[in-house]
Every structure is written in C-alpha cells, then in structure tokens.
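Scroll down for the structure; my scribbles are underneath it.
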Amino acid sequence: MTLGFATEDASAFGFVVTGLYGVVTILCTIAADRVSGRFWAAMAITLCLLGLNKQLDLQTDMLAFGRALALREGWYGWRRVLEAAALPAFALSLLAMLAIGVRMGAGRAGGGLALCGAGLVAVYVALRATDILHLSAKDAPPVALLEPAGLLLILYGAVRAIRRASPASRTGGIANGRSGRPDR
C-alpha cells in the first residue's frame, strides 16, 4: 500500500470548485464573526475540510489503509457487508448534521439558503460515497453540478447574513446606497 497525495480532480472544473470552497469558507467565517453564530462557524470548518479533501482525495488513502488492515487482520471477506452498512450510517450522519444545523440557528439571516446548499453538497458527497463503495454506476454530469450549486447557495446565504449583520445595512448607510446622514 502506498499512501500519497494525488489530486482527485485535476480538471479546470475541479480547481474552480476547490476555489469556490475556499471563497465560501472565508465568507462563512466572516458571517460567523458578524452574526456570532455557531452555525456559520460549523459551516466554515466543514467546508474547509471538504475543500481540502476535494483535491487531496484523502478518502482514497483511508480506504486503502482500511483494505490493507482488513487483509492483515483476516476480515477482508466481510468487506461488502461493511461497505453496505456504511451507506446507511453515512446517510444517517448527514441527516443528523442537517438537523443540528437547523437547531443551531440556520433559519436566521441567510442560514436557510446555506442549509439548502449544505443539503445539496451532502447529497453530492453521499453519491460520491456510493460510487466509492461500488454501489452506483458513475458520476454523471448532473450529479457533478450538485456540489457547485450547493456551494453557490451557501455563498449567497453567507453574503445575506453578512449584509444583514453589517452596521451600514441597519442604519441605512453606504451598503444601502445612502450616505448615512439624515435627509434634510
């Protein structure tokens, strides 16, 4: 078994999506600071990790390690059972994460949009996981568009949260096209 850092998606589209992860992570961090929300902080951390994994393809190394361990320990014959059990466990964890997101205050200032976007990214991740587990055919183009579509929804939600939390938007300042001075 050789562990290494190879890029999963060295295409232009893959690099654009990775860059989008970076931009959205920064905006979620700003939203977390302005809104003082755990939801946005959790979103920023999750997206940062997913963005790193987008190019580093760490799940492949984890699977190779697990396969080597299973061979060495003698339970490799059970791998299909374990793989089949992993998908429902993964789906339940995604549902739990979305429920936690709602509980953490996703309904405030752009959080609902971000939660919808996180749901699209989660569906994409789940479909990729089934592909890795040999349970689906291939990564069709409409499936590949779920990830950037979800990221764009999160981006829009973060921008809305930042704009609503900024002092200028509350006082009718420059962000709203006014000077902040009362009309005379």
Quiz item: Which ³J(HN,Hα) values, rounded to whole Hz and listed in residue order, are derived for the stretch 81-94 from phi using the Karplus coefficients 6.51, -1.76 and 1.60 in 6.51 cos²θ - 1.76 cosθ + 1.60 with θ = phi - 60°, glycine and proline given as x?
Solution: 5, 5, 5, 5, 6, 5, 5, x, 5, 5, 5, 5, 5, 5
Exercise. Could you check the simple spin-label distance between residue 71 and residue 45, using points 7 Å along Cα→Cβ, in nm with one decimal?
Key: 3.6
Exercise. Treating the Cα atoms of the stretch 12-166 as identical point scatterers in vacuum, please give the log10 of the normalised Debye intensity I(q)/I(0) at q = 0.13, 0.14, 0.20 Å⁻¹, two decimals.
Key: -0.64, -0.73, -1.22
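Using 0.36 nm per residue, how much length does the chain from residue 58 to residue 152 gain when fully extended, once their Cα-Cα distance is taken away? Display every interim value, and only then the final one.
On the way: separation 94, 0.36 × 94 = 33.84 nm, distance 2.39 nm.
Value of the extension gain: 31.5 nm.
I'd like the FRET efficiency for residue 78 and residue 159, computed as 1/(1 + (r/R0)^6) with the beta carbon distance as r and R0 of 41 Å, rounded to 0.05. Walk me through the numbers before you get to the answer.
Values: r = 47 Å, r/R0 = 1.16.
The calculated FRET efficiency here is 0.30.
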Exercise. Work from the charge dipole of the stretch 12-166 (Cβ charges, +1 for Lys and Arg, -1 for Asp and Glu, about the Cα centre) and give the residue of 77, 50, 60 farthest towards its positive end.
Key: 50
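Read-outs throughout are calculated quantities, based only on the coordinates presented, and are distinct from any laboratory measurement. Every value quoted in this text rests on a predicted model; they were computed, and no experiment measured them. Note that we place each Cβ from the backbone using ideal geometry, even for glycine, and neighbour counts take in every protein chain shown.
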